[in-house]
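Laboratory data are not the source of any read-out in this text; all were calculated from the coordinates shown. This one's a predicted model, so the numbers in the text were calculated from it and none came from an experiment. Note that each Cβ is placed from the backbone with ideal geometry, even for glycine, and that neighbours are counted across all protein chains shown.
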Amino acid sequence: MSEESNIASDQILPGHSGDGFVDEPPLVAGNLSFHDVTEMVSLHTEKKTPTAWLGAFALANVGLLLLGVMVAYLFWNGTGVWGLNNPVGWGYAIVNFVFWVGIGHAGTLISAILYLFRQQWRTAINRSAEAMTIFAVICALLFPGIHVGRVWVAYWMLPIPNQMEMWPQFKSPLLWDVFAVSVYFTVSLIFWYVGLVPDLATLRDRAKSGIRRRILGFLSMGWSGANRHWRNYEKAYLLLAALATPLVLSVHSVVSFDFAVSVIPGWHTTIFPPYFVAGAIFSGFAMVVTLLVVARKVYSLQNIITINHLEKMNIIILLTGTMVGFAYITEFFIAWYSGVEYEQYAFLNRATGPYAWAYWTMMTCNLVFPQFFWNKKLRRNIPFMFGLSIIVNIGMWFERFVITVTSLHRDYLPSSWDYYTPTWVDVLTLVGSFGLFFTLFLLFLRFAPMVAMAEVKLVMPESDPHYYDRAHAEPKSH
Amino acid sequence: MKAIITGIKATMGIYESNEDQVYGLLAEFPDPGALVNAARATRDTGYRHFDTHSPFPVHGMDGAMGLGNSKVGFACLGGGLTGLAVGILLQWWTGAIDYPLNISGKPFFAYEPSIPVIFELTILFSALGAVAGMFALNGLPRPYNPLFYSERFSRVTDDAFFLHIAASDKLFDLEKTGQFLRDIGALYVEPIEDRGDAEE
């Protein structure tokens, strides 16, 4: 791609710098200065609203409206409007919940785990990935909220003192889930906000109108880039990353307990927590690729979110996809090895029973397709990765469908077996949840700095004080 | 007492202006390398009430300014211990004392099934503690800061590097400090007036 600059100098071996270390390609391409970075990112929040954005926003709003109508229809009529039946008491609502929570995981992985591992390439994508996390978790939180049936008592899920002198039952994994997901949401939100403060200050200092300056001044809390502040800020950021890391691993583990702690064949397995976490990261990275491939093009951020960033994400998709596929196969092995006939039947039924179409969709999308990323050309091919990232998310949605529905529809007693079919309300609610997600994401792209400017500047070689010792001797061509 | 409060505020970068309403001197430096050298020189000359301002954290600046380790960790630890206690007490008191409910003969309170909620609350309170501690130690939110009167200072969040020596420092002298800043390589030096009127 033409957008990468070549840094190999003629005296030294290509790919090596003089000091014996292998040179990585620069994280920020195109010889940008600090000011260029500020300009490229801030501009999009300051210019007149583009027509394309308005069009996309209108479309997303139609989806949001659809969601509102479906939820209102559900509240009015009760959960009978869904396709749930007697053995299959968990349908689309749970499938969608797990799907959206999973999407969220990539944001925290990028912002926290890659931070602890000093993966500096994360700075270009962490802001938008964290935003994606928050919006995906909002979509996820919606579903358990509406599927309780009697929504007016949804507050019973929280330990709020009430006139009945009742408390939630803390031995239930469903209640652990309430805590896990709401803590995850809160911590993700404050992590995101802390990261935003210096960048909001940048926007504040560029603001032309008084009202804009006041709003941004309020949100940026009087940030002045003081080193006494950066010192505490960086420490707090590090601590948040260290806290978010076990948190993100725990969230999908707890989500998997919803299934694994029960005694349904196909659910009652110890492999669930790691397998769910890998799947969550897999689907989340696919969603980040889907969103950023479009956003970097539309907002001309190819020099900040370079093809190398996308390639690294595709490698993670390949890795986690293969892990998930390995888990699918392990489940079969364990079912056979356990000698439990119900467990064996549950898996045989998955692959060959009435839902075999869903199972093989899942297998193809999640295990087979990502293997194309072994090929470096395909890994760096933008249209290909865009298509593949969508396939992965279709596959991951089907994974949750397979786990939830195929295990429930045939359990111990053949007399209670039934087939689950979603209704139009189920389907349109899922479609509508994408409307909610994209509405929020488009608002983020329009009003917030979509790249963490302060962090991107920090990974540019010019931010290193020692860069200038060298620069005086021999100017380096960055 | 007043001296203690002034001292604490100084660690947050909040200084008092002198009787001539001078808040301090703001000097601009060309790059992070020059800023680190300037901070070291300022520190070595004996100034204590000073701070550097940059669009991103400059590595090595804490050492150059002679600042120790950040105390945010204590706030985080305090939050974490609070969350741990809340998690245990909440589940023990509601499950075993206030509303004991026999579920398949399981104990009313046991640690094993209580771990997930204890863990989540520990994380939640630690995170809140770290963030609240960070803002408190930084003296933020700070709606009024005389440095914002400077037109040039608005580039601090973009690509400019500043050093500010506060008028409350014992060694501060408008003339001599200004000369000192020019000597250590400032591109530009500006006295900051604490006018007390908000702009706009």
Cα convex hull of segment B:24-77: mean projected area in nm², to one decimal? 4.6 nm²
Return the whole-Å distance between the Cα centroid of segment B:4-37 and the Cα centroid of segment B:107-166. 21 Å
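Give me Rg/Rg_expected for segment A:43-88, where Rg uses Cα atoms only and Rg_expected = 2.2 N^0.38 Å with N residues. Display every interim value, and only then the final one.
On the way: Rg = 17.9 Å, N = 46, 2.2 N^0.38 = 9.4 Å.
That works out to 1.90 for segment A:43-88.
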For segment B:72-137, using Cα atoms only, the Rg and Dmax in Å read 14.6, 50
I'd like the mean, over residues of B:88-96, of how many other protein chain beta carbons sit within 10 Å of each residue's own Cβ. 3
Relative contact order for chain A: what percent, with Cα pairs under 8 Å and sequence separation of 6 or more? 30 percent
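Under the √(5λ) rule applied to the eigenvalues of the Cα gyration tensor, what semi-axes describe the equivalent ellipsoid of segment A:85-214? Give them in Å, descending. It would help to have the intermediate numbers written out before the result.
Numbers: eigenvalues 242, 77, 42 Å².
So the three semi-axes of segment A:85-214 are 35, 20, 14 Å.
Report the trypsin sites (Lys or Arg not before Pro) located in segment A:203-245 that are in a DSSP loop and have at most 15 other Cβ atoms inside 10 Å of their Cβ, or state none. Intermediate values should be presented prior to the final figure.
Details: sites: A:Arg204, A:Arg206, A:Lys208, A:Arg212, A:Arg213, A:Arg214, A:Arg228, A:Arg231, A:Lys235; in loops: A:Lys208.
Sites meeting the loop and neighbour criteria: A:Lys208.
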Projected onto the charge dipole of chain B (unit charges on the beta-carbon of Lys, Arg, Asp and Glu, signs +1, +1, -1, -1), the Cα from B:Ile165, B:Gln179, B:Gly83 with the largest positive-side position is that of B:Gly83
Shielding by partners - mean other protein chain Cβ count within 10 Å, residues of B:47-56: 6
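Can you give the FRET efficiency for A:Arg380 and A:Tyr419, using 1/(1 + (r/R0)^6), R0 = 41 Å, r = Cβ-Cβ distance, to the nearest 0.05? Before the final figure, lay out each step's value.
Numbers: r = 44 Å, r/R0 = 1.07.
In this case the efficiency is close to 0.40.
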Over the Cα atoms of chain A, how large are the radius of gyration and the largest Cα-Cα distance (Dmax), in Å? 24.2, 84
Residue-span extension gain [A:Asp36 to A:Ala72] - 0.36 nm each, minus C-alpha spacing: 8.2 nm
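Please get the size of the charge dipole for the protein assembly as shown, origin at its Cα centre, with Cβ charges of +1 on Lys and Arg and -1 on Asp and Glu, quoted in debye to the nearest 20.
On the way: 44 positive and 53 negative charges, 179 e Å.
The dipole magnitude comes to about 860 debye.
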Using alpha carbons only, how many angstrom separate the centre of segment A:287-313 from the centre of segment A:349-403? 21 Å
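Please sort A:249-260, A:167-178 by packing, taking for each peptide the average over its residues of neighbouring beta carbons within 10 angstrom, highest first.
Details: A:249-260: 23.8, A:167-178: 19.2.
By packing density, highest mean first, the sequence is A:249-260, A:167-178.
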Would you tell me the mean number of C-beta atoms belonging to other protein chains that fall within 10 Å of each C-beta in B:121-133, as a whole number? 6
Please report the net charge: other residues with Cβ closer than 14 Å to the Cβ of A:Glu343, K and R +1, D and E -1. -1
With +1 assigned to the C-beta of every Lys and Arg and -1 to the C-beta of every Asp and Glu, and no other charges, what is the dipole magnitude of segment A:236-361 about the Cα centre in debye, to the nearest 20? 500 debye
Which one of A:Tyr355, A:Leu443, A:Gly395 has its Cα pushed farthest toward the positive end of the charge dipole of chain A, where Lys and Arg give +1 and Asp and Glu give -1 at the Cβ? A:Leu443
Rank-order A:326-333, A:361-368, A:64-71, A:393-400 by packing density, defined as the average count of other C-beta atoms within 10 Å over each peptide's residues, highest first. A:393-400, A:361-368, A:64-71, A:326-333
Rounded to the nearest 10, the angle in degrees between the Cα long axis of helix B:32-45 and the longest principal axis of the Cα atoms of chain B comes to 80 degrees
Taking Cα atoms only, helix A:126-147 is inclined relative to the longest principal axis of chain A by an angle, in degrees rounded to 10, of 20 degrees
For chain B, what's the relative contact order in percent, using C-alpha pairs closer than 8 Å and at least 6 residues apart? 44 percent
Charge dipole (the protein assembly as shown, unit charges on Cβ, about Cα centre) - positive-most of A:Cys139, A:Trp90, B:Phe74: A:Trp90
Per the helix-only model, chain A has a calculated mean residue ellipticity at 222 nm (DSSP H runs of ≥4, -39500 (n - 2.57) each, divided over all residues, rounded to the nearest 500) of -21000 deg cm²/dmol
Please determine, in degrees from 0 to 90 and to the nearest 10, the orientation of helix A:210-220 with respect to the longest principal axis defined by the Cα atoms of chain A, where the helix direction is its Cα long axis. 70 degrees
Cα pair distances in segment A:266-320, grouped into 5 Å bins until the bin that holds the longest one, percent each: 4, 18, 23, 17, 13, 9, 6, 4, 3, 1
From the P(r) of segment B:67-200, could you give the percentage of C-alpha pairs in the tail past 18 Å? 72 percent
Which of A:Lys457/B:Lys9; A:Lys48/A:Lys235; A:Lys235/A:Lys377 exceed 31 Å between C-alpha atoms? The answer is A:Lys48/A:Lys235; A:Lys235/A:Lys377
Restricting to Cα pairs below 8 Å that are 6+ residues apart, what does the relative contact order work out to for segment A:253-361? Please round to a whole percent. 25 percent
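With +1 on each Lys and Arg Cβ and -1 on each Asp and Glu Cβ, and nothing else charged, work out how big the dipole of chain B is about its Cα centre, in Debye to the nearest 20. Could the numbers behind the result be given before it?
Details: 14 positive and 24 negative charges, 173 e Å.
That gives chain B a dipole magnitude of about 840 debye.
Which of the peptides A:130-140, A:432-442 is most tightly packed, and how do the rest follow, going by the mean number of other Cβ atoms within 10 Å of each residue?
A:130-140, A:432-442
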